[in-house]
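Q: Got a structure here, written out as structure tokens. Questions coming.
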């Protein structure tokens, strides 16, 4: 299946409720929370049995308290569990737009693991926290080991607050490519398995939209599932360029 031409993908940033591009499907209907539920995996990682079941149930119940649909947008108030797809995905091309506010912090989890980071890049670098570099901008693989390729974005590509940002994310195996507003910020680097760094990302998992400290709005969430033949072709073309 042919992927969306990149120039056409960029046009999505000027649209409100866009139709899925050829070869893509919408994973948010713009009307309600169907296909999504609430989960913060970090809060239950050490729980088992009835305690874990109760915590999972509570997050599902809390989900519509902190998340709503408004003007074809999936909106979070900065609190609550993360928006999590009921469907699980493997190798994909993912298009998504977001708009957030100063001092907010968010991210996109691929296969249920963190994360493609979203920063307020106006934050001043703090030498006391040398591994935290919001001033470099969004799109990096923040939960990778510090100072490894892909952890910080290649360029600062964030738009001013009040404007919509557009991500194009490609995940093949453990390798991740990220374009933010048309600029390549992660170039096929390995996304580490935050749950167990000795293992690669799981073969499949949900997409999760993190909430952390400030309102964030999402729209035009489109997925193209990459088959084995297409994945092999992309990886071969990438290897030939290096």
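The values are calculated or read from the model by the stated rules, or taken from the named source; none is laboratory data. These numbers come from a predicted model, not from an experiment. Backbone-built Cβ (ideal geometry, glycine too); neighbour counts: all protein chains shown.
Q: Which residue, of 157, 239, 231, 203, is touching a strand residue (DSSP E or B) at 6+ places or on another chain (Cβ under 8 Å) and over 29 Å from residue 78 (Cβ atoms)?
A: Result of the check over 157, 239, 231, 203: 231.
Q: Also: Any chance you could count how many residues in the range 205-226 are more than 14 Å from the chain's Cα centre (by Cα) and under 10 Å from residue 27 (Cβ atoms)?
A: Count: 0.
Q: Consider only pairs whose beta carbons are under 6 Å apart and that are at least six residues apart or on different chains; among these, list those whose first residue lies in the range 122-151 and is touching a residue at least 12 places away in the same chain (Cβ under 8 Å) and at negative phi and whose second residue is surrounded by 14 or more Cβ atoms within 10 Å (Cβ to Cβ) and part of a helix (DSSP H, G or I).
A: Here the result reads 123/134, each pair linking the range 122-151 to a residue that is surrounded by 14 or more Cβ atoms within 10 Å (Cβ to Cβ) and part of a helix (DSSP H, G or I).
Q: Let me ask another. Residue 95: in contact with a helix residue (DSSP H, G or I) (Cβ under 8 Å, 6 or more places away or on another chain) and within 30 Å of residue 227 (Cα to Cα), yes or no?
A: yes
Q: Tell me whether the range 121-128 contains one or more residues that are surrounded by 14 or more Cβ atoms within 10 Å (Cβ to Cβ), closer than 29 Å to residue 227 by Cα and either out of contact with any helix residue (DSSP H, G or I) (no Cβ under 7 Å at 6 or more places or on another chain) or modelled with pLDDT under 95 (or both).
A: No, because not a single residue in the range 121-128 is surrounded by 14 or more Cβ atoms within 10 Å (Cβ to Cβ), closer than 29 Å to residue 227 by Cα and either out of contact with any helix residue (DSSP H, G or I) (no Cβ under 7 Å at 6 or more places or on another chain) or modelled with pLDDT under 95 (or both).
Q: Being outside any loop (DSSP other than H, G, I, E, B) and either touching a helix residue (DSSP H, G or I) at 6+ places or on another chain (Cβ under 8 Å) or touching a residue at least 24 places away in the same chain (Cβ under 8 Å) (or both) narrows it down to one residue among 157, 231; which is it?
A: Going through 157, 231 in turn, the sole match is 231.
Q: Take the conditions more than 13 Å from the chain's Cα centre (by Cα), in a loop (DSSP other than H, G, I, E, B) and under 25 Å from residue 79 (Cα atoms) and apply them to residue 135. Does it pass?
A: Judged against the criteria, residue 135 is not a match.
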